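Here is the structure we will look at.
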Amino acid sequence: MTDRVNKKYALVTGASRGIGAAIAEALAKEGYCLYITCRRSERELIQLSDYLRAAYRISCTPVMADMGSPADVARLFAAITDLDVLVNNAGISYVGLLHEMSVEEWQQVIQTNLNSMFYTSRLAIPMMLRRHSGKIINISSVWGNVGASMEVAYSASKGGVNSFTRALAKELAPSHIQVNAIACGIMDTQMNRCFSPEEIEALRGEIPADRIGQPAEAAQTVLSLLQAPEYLTGQVITLDGGWT
């Protein structure tokens, strides 16, 4: 193993599939030592971890954790001693009328999509402050910018992600820590499999790029932010094919 000076450490939450898995692989290609998490898909997470270790010769630690649980996040960070990059990707959606949504369903969306960023960031920041450097990248949604009918809780949580990003960036800029977000449009992920092929086709017809986005494109945007000048911070970058 190499010395710390030659190592880079990253945590990607919600990494068992989709955007999170694509981000984890992109970081592995860049030589990052990884911590990856998910809440339920243990087999997929372990398979991804094994693949990344074998393919890219990096260390990769899979951790089953509910990022909406402060106790789970504290347990995760108890095993992390250094961190260069935090990617807050864990998220869930709820599609349905607001008045038919239970309190428990509302709280779960807010806990997973928004509160989780507080739980992870508050523990990651001290490690970054020690070196006066670090990157926090939050995966958001275009619905956080404009809102979506039948997805009020999801839209509210992602709007909170955007405000959290802008405010935390101002707080951490003097310490040379960048905080940015990526607001994704319709992406080819399991989360969006709740929509029928006809609904996806109707959405595609609204997108100037004439297609839905791919997880690899979100991962590429993460890498672009990692390589961006320090002066680029507090931004919510829209990745949606010109849709919104």
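The values are calculated or read from the model by the stated rules, or taken from the named source; none is laboratory data. If you're wondering where the values come from, they're calculated on a predicted model, not measured in any experiment. Note that we place each Cβ from the backbone using ideal geometry, even for glycine, and neighbour counts take in every protein chain shown. The area values use the complete protein model at the heavy-atom level, side chains included, leaving out ligands, DNA and RNA. Shrake-Rupley method; radii C 1.70, N 1.55, O 1.52, S 1.80 Å.
Where the alpha-carbon atoms of the stretch 100-186 are placed on the principal axes, they occupy 47, 24, 18 Å, in descending order.
Fully extending the segment from Ala202 to Thr244, taken as 0.36 nm per residue of separation minus the present Cα-Cα distance, adds 13.6 nm. Dimensions of the stretch 7-130 from C-alpha coordinates, computed as largest minus smallest value along each principal axis and given longest first, are 49, 32, 19 Å. Between Ser224 and Ala74, what is the FRET efficiency for a Förster distance of 41 Å, r being their Cβ-Cβ separation, to the nearest 0.05? Working from the Cβ atoms, E equals 0.85. Here the accessible area is traced with a 1.4 Å probe on the protein chains. For the chain, carbon and sulfur cover 53 percent of it.
Applying 1/(1 + (r/R0)^6) with R0 = 25 Å to the Cβ-Cβ distance of Lys29 and Ala173 gives a FRET efficiency near 0.30.
What is the calculated FRET efficiency for Glu105 to Leu129, with r their C-beta to C-beta distance and R₀ = 45 Å, to the nearest 0.05? Once the sixth-power term is evaluated, E becomes 0.80. When the GluC sites (Glu not before Pro) in the stretch 176-244 are filtered for DSSP coil states and for at most 15 other beta-carbon atoms within 10 Å of their beta-carbon, the remaining sites are Glu230.
Within the straight-line cut-off of under 21 Å between alpha carbons, the lysines reachable from Lys158 are Lys135, Lys170, sequence neighbours fewer than 8 places apart in one chain being disregarded. The mean sequence separation of alpha-carbon pairs under 8 Å and at least six residues apart, normalised by the residue count of the chain, gives a relative contact order of 19 percent. Of all DSSP bridge pairs formed entirely within the stretch 1-149, close to 0 percent run antiparallel.
Rg/Rh for the stretch 77-117 (Cα atoms only, Rh after Kirkwood) is 1.17. Backbone amide hydrogens, once placed in the peptide plane, bring Met187 within less than 5 Å of Gly213, excluding anything fewer than 5 places away on its chain. Excluding ligands, DNA and RNA, the accessible surface per residue across the stretch 143-244 is 49 Å² with a 1.4 Å probe.
Considered as an equivalent ellipsoid built on the Cα gyration tensor, the stretch 138-232 has semi-axes of 28, 16, 9 Å, the largest given first. Which angle from 0 to 90°, rounded to the nearest 10, does the C-alpha axis of helix 42-56 make with the longest principal axis of the chain? Between helix and principal axis, roughly 50 degrees.
The three principal axes of the Cα atoms in the chain give end-to-end lengths of 52, 38, 36 Å, sorted in falling order. Rg and Dmax of the stretch 170-221, both derived from C-alpha coordinates alone, stand at 15.6, 48 Å.
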